[in-house]
1. Within a Cβ distance under 14 Å of Met60, other residues only, what is the Lys/Arg minus Asp/Glu net charge?
2. Farthest toward the dipole's positive end in the range 30-76, which of Ser48, Ser66, Ala33, given Cβ charges of +1 (Lys, Arg) and -1 (Asp, Glu) about the Cα centre?
3. Among the DSSP beta bridges whose two residues both lie in the range 40-149, what percent are antiparallel, rounded to the nearest 5?
4. For Lys55, list the aspartates and glutamates whose Cα falls under 19 Å from its own Cα; do not include residues on the same chain fewer than 8 positions away.
5. HN-Hα J couplings of the range 130-147 from phi, Karplus 6.51/-1.76/1.60, θ = phi - 60°, integer Hz, Gly and Pro as x?
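Every number in this text was worked out from the coordinates using simple rules, so none of it is lab data. From a predicted model like this one, the values you see are computed outputs, not experimental measurements. Reconstructed Cβ throughout: ideal geometry from the backbone, glycine too, with neighbour counts over all protein chains shown.
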Amino acid sequence: MASDNVKNAAVIIIIVAVLALSYSLVLQPQTPAVFEKGAEVNQETFLSLLSDADKIYIVMDIRNASNSIVSTNILQCGVDFAGSRGLAGRNVSYVSMDDNGCALSINEKGVTDTVPNCIRMLNGAEGISLYIYEGSETKYYTKAAAIGVNGNYQLGTCELR
């Protein structure tokens with residue numbers, strides 16, 4: 001009889017724990033991951049931070065691209081940065097994000113993940129990001145340059161010398 005009470009109590013505790021976990025994972029709204037760029041700085045300060053960085057991330061975000069031309073231009077900008085002389089011999093990783101997820105190339109290993117997980121990884125990573133997205137301007141921050149690219153991208157424009 002006592003063992004039945006213990007079993008019943010254990011089942012009730014497990015049910016309560018599962019309900020609490022379900023609430024926190026499913027019912028509670030999840031805050032979307034936001035890329036943290038740091039404080040805004042001028043171009044000269046950013047370039048100094050970039051030159052001192054041990055790790056550089058080229059991030060190509062085509063999630064909100066308005067059409068395939070813009071998507072292609074964002075990706076081409078990332079390729080142009082990757083091939084620029086200013087990044088030769090540097091520790092560079094590549095991240096591309098679209099509506100289906102995220103692909104990372106870190107230390108020559110390809111990994112796919114969710115966009116929120118990739119953004120969290122970038123936010124927690126040491127180093128500087130070249131964050132390429134659809135836009136018309138470039139702004140500089142302590143952790144990233146937010147590089148706007150649109151349908152009028154000219155080949156070779158994204159380059160570090």
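1. Counting the neighbours of Met60, the net charge comes to -4.
2. Comparing the listed Cα positions along the dipole, Ser66 ranks first.
3. Here the antiparallel bridges make up roughly 45 percent for the range 40-149.
4. Correct list for Lys55: Glu36, Glu44, Asp80, Glu108, Glu126, Glu159.
5. Using θ = phi - 60°, the values come out as 9, 9, 9, 8, 6, x, 10, 9, 10, 10, 10, 9, 6, 10, 6, 10, 8, 10 Hz.
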